[in-house]
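First up is the structure itself, then whatever we jot down about it.
The values are calculated or read from the model by the stated rules, or taken from the named source; none is laboratory data. Because the structure is predicted, anything quoted here is derived from the model rather than measured. For neighbour counting, all protein chains shown are included, and Cβ atoms are generated from backbone atoms with ideal geometry for every residue, glycine included.
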Amino acid sequence: MYQIDQLLRKNREWADAVHADDPAFFNRLASQQSPRLLWIGCSDSRVPANQITGLAPGEVFVHRNVANVVAETDFNLLAVLQYAVDVLKVRHIIICGHYGCGGVRAALENFRHGMIDNWLSGIRSLRRMHREELDSLPPEAATDRLCELNVLAQARHVARTTIVEDAWERGQEIAVHSWIYRLDNGIINPLTPPICAALENID
Ligand code: CO
């Protein structure tokens, strides 16, 4: 039986261990955060940004949602992005999807899942755009390919926000990375070189 009290006990143990190792750690972090990275990932519990990249508290600013979607109408995401770019001045924005993503799989299925289908409508559009390739693959391979296409599309969406375009225009250096994580071996692979400048308007 899962005990919620255990979380609080584990938290105390963790804080004590961190303090023992570096007595100034919490005071230093409490005074300011200056992460150089923004992580946009899936809410999936198996893909925690800090743990899988070996980063400590204070090193990565994080936004997660179902299927790591970057919707230009999502004020939550835009607020995170604007703060990360304009205030924290992050140098890297990482879009990290994962193979076997349930959100992406749902976008491939031809039945209703509820409200989430509205959230996934952009991924369903992507599916339609790549129907020929996806239909030629077995179901699991099609899901994984759409997971990759989704990461690439969401990275382009980040690059096309006014926030990132304006930052590049000002000469701010930002690299937008397209990464994908494999649940069954814990490995992240980049899908393409990062986007480091404004995209042409044609693709
Ligand atoms: Co997912």
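Values computed for the structure shown
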quantity: The listed residue being modelled with pLDDT of 95 or more, among the hydrophobic types (A, V, I, L, M, F, W, C) and outside the structural domain of Met129 (by TED's automatic domain parsing), out of Cys196, Cys147; calculated: Cys196
quantity: In region 2-16, the residues that are closer than 16 Å to Ala56 by Cα, of a type outside the set (Asp, Glu) and over 29 Å from the mean Cα position of the chain (by Cα); calculated: none
quantity: Output for region 88-118, where each listed residue is within 29 Å of Cys196 (Cα to Cα) and more than 12 Å from the ligand (Cβ to nearest atom); calculated: Leu88, Lys89, Val90, Arg91, His92, Ile93, Ile94, Ile95
quantity: Any hit, region 89-106, residues being surrounded by fewer than 13 Cβ atoms within 10 Å (Cβ to Cβ) and either of a type in the set (Val, Ile, Thr) or farther than 23 Å from Glu173 by Cβ (or both); calculated: no
quantity: Val104 vs. criteria in a helix (DSSP H, G or I) and not assigned by TED's automatic domain parsing to the domain that holds Arg128; calculated: no
quantity: Qualifying positions in region 119-157 - within 15 Å of the ligand (Cβ to nearest atom), of a type outside the set (Val, Ile, Thr) and touching a residue at least 60 places away in the same chain (Cβ under 8 Å); calculated: Asn150, Gln154
quantity: Residue within region 47-60 that is part of a strand (DSSP E or B), within 12 Å of the chain's Cα centre (by Cα) and within 21 Å of Trp179 (Cβ to Cβ) present; calculated: yes
quantity: Any hit, region 182-195, residues being under 27 Å from Ser45 (Cα atoms) and within 13 Å of the ligand (Cβ to nearest atom); calculated: yes
quantity: Count - residues of region 23-53 that are of a type in the set (Val, Ile, Thr) and in contact with a helix residue (DSSP H, G or I) (Cβ under 8 Å, 6 or more places away or on another chain); calculated: 1
quantity: Residue among Ala17, Ala71 that alone is of a type in the set (A, V, I, L, M) and either more than 29 Å from Thr143 (Cα to Cα) or part of a helix (DSSP H, G or I) (or both); calculated: Ala17
quantity: Qualifying position, being basic (Lys, Arg), more than 23 Å from Asp86 (Cα to Cα) and outside any loop (DSSP other than H, G, I, E, B), among Arg127, Arg156, Arg112; calculated: Arg127
